[in-house]
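Undergrad: If you scroll down you'll find the structure; I have some questions about it.
The values are calculated or read from the model by the stated rules, or taken from the named source; none is laboratory data. Given the structure is predicted, the values throughout are model-derived calculations rather than measurements. Here the Cβ positions follow ideal geometry from the backbone for every residue, glycine too, while neighbour counts run over all protein chains shown. What goes into the accessible areas is simple: the full protein's heavy atoms, side chains included, and nothing from ligands, DNA or RNA. Shrake-Rupley method; radii C 1.70, N 1.55, O 1.52, S 1.80 Å.
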Amino acid sequence: MMFETLQSLGLAQVLAVLLVLLVGAAETGNWLGRTYGRTVADDTDAGNMATATLGLLALLIAFTYAMALERYDLRREVVLQEANAISSTANFALMLPQADQAPIMADLREYTELRMALGAPYDPDRFAAALKRSGELRADLWRRAVAAETAQPQSLGVYQFVWNLSDLNNMGEKRVTALRNHVPVVVSLMLAGTALVAMAFSGYGAGVAGVKRRFANLVMALLVSTLIALMLDLQRPARGTILVPTQPLQDALDGFPRP
């Protein structure tokens with residue numbers, strides 16, 4: 001449910017919410033420091049805590065970015081694999097009986113067009129409908145493959161077509177899984193929570209020293225919120241501004257052989 005909420009927000013909205021929260025944490029920490037922190041020991045402790053939490057924040061940002069980039073690269077790779085599977089299936093369809101080629105190529109064209117638009121733009125109902133239709137097309141292709149194999153059980157062309165159709169089916173499921181695979185929400189929440197604590201300690205240290213440093217806190221909050229927002233955007237292939245390219249599928253569709 002939490003991930004669906006994040007999915008429904010645009011990049012600007014995520015950035016604005018994070019920026020307000022981080023600036024608010026810094027201002028709250030500054031007020032607490034000016035009100036309750038008056039000793040040199042408080043100043044030293046606050047500085048040490050701010051340094052420690054900022055270091056932990058940097059580690060968490062690097063960790064979550066590595067996780068998000070790994071998933072993004074996997075989505076790109078799966079698109080290429082699916083395009084290759086579709087192209088191979090289309091090529092081997094030419095080795096089937098002439099009467100089977102036209103309907104199979106029509107199914108493959110519709111299937112490729114569906115996979116090109118899978119999940120983008122963000123629309124859960126459209127995504128579910130595309131998955132349902134993709135499954136129907138794969139089932140239809142399998143029925144035609146079974147009929148061809150029954151008619152020509154010793155045909156090498158039919159065997160190759162069936163083998164590549166199996167690969168296409170596997171790649172289809174693998175791509176859907178990759179689209180649904182995201183950085184765990186608890187990791188994102190931990191990152192945001194650590195950022196809030198780091199900004200609060202930074203503001204507290206400034207408050208103990210008797211200064212506000214609002215501009216410095218604003219710049220730091222803007223930088224941290226931008227990094228977190230981009231990380232969240234990177235793992236939202238159906239909603240974010242960093243989309244997974246589907247050009248390999250378009251290339252596969254353009255290169256379909258004519259039966």
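Undergrad: Set the Förster distance to 35 Å, then compute FRET efficiency between Ile242 and Asp140 from the Cβ-Cβ distance, nearest 0.05.
TA: On the way: r = 34 Å, r/R0 = 0.98.
Calculated value: 0.55.
Undergrad: In the full protein assembly as shown, how much of Met105 is accessible to a 1.4 Å probe, in Å² to the nearest 10?
TA: 10
Undergrad: Right, here's the next one. Need the full-extension length gain, Glu173 to Ala102, defined as separation in residues times 0.36 nm minus the C-alpha distance. One decimal, nm.
TA: Numbers: separation 71, 0.36 × 71 = 25.56 nm, distance 2.52 nm.
The span from Glu173 to Ala102 would gain 23.0 nm if fully extended.
Undergrad: Test of understanding: extend the Cα→C-beta vector of Phe63 to 7 Å, then name every residue of region 195-221 with backbone N under 13 Å from that spot.
TA: Under cut-off, by backbone N: 195.
Undergrad: Which one of Leu108, Ala130, Leu243 is farthest out on the positive end of the charge dipole of region 11-255, using unit charges on Cβ (Lys, Arg +1; Asp, Glu -1) and the Cα centre as origin?
TA: Leu243
Undergrad: What does the accessible area of Ile242 come to, in Å² to the nearest 10, when a probe of 1.4 Å is used?
TA: Approximately 50 Å² for this residue.
Undergrad: Which residue, chosen from Ala93, Asn30, Leu11, occupies the Cα position most advanced towards the positive end of the dipole of the chain, where the dipole is computed from +1 (Lys, Arg) and -1 (Asp, Glu) charges on Cβ about the Cα centre?
TA: Asn30
Undergrad: Would you check the accessible area of Trp163, probe 1.4 Å, heavy atoms only, in square angstrom rounded to 10?
TA: For Trp163, the solvent-accessible surface is approximately 150 Å².
Undergrad: Between Glu110 and Lys132, how many nm apart are label points set 7 Å from Cα along the C-beta direction?
TA: 1.4
Undergrad: Right, another one. If DNA, RNA and ligands are ignored and the probe is 1.4 Å, what is the ranking of Thr53, Thr241 by accessible area, most exposed first? Could you put the intermediate results ahead of the total?
TA: On the way: Thr53 20, Thr241 95 Å².
Solvent-accessible surface, decreasing: Thr241, Thr53.
Undergrad: Can I ask one more? Could you put Phe161, Phe127 in order of accessible surface area, largest first, with the 1.4 Å probe and the full protein assembly present? Provide the component values of the computation, followed by the final result.
TA: Values: Phe161 0, Phe127 45 Å².
Ranking Phe161, Phe127 by accessible area, largest first, yields Phe127, Phe161.
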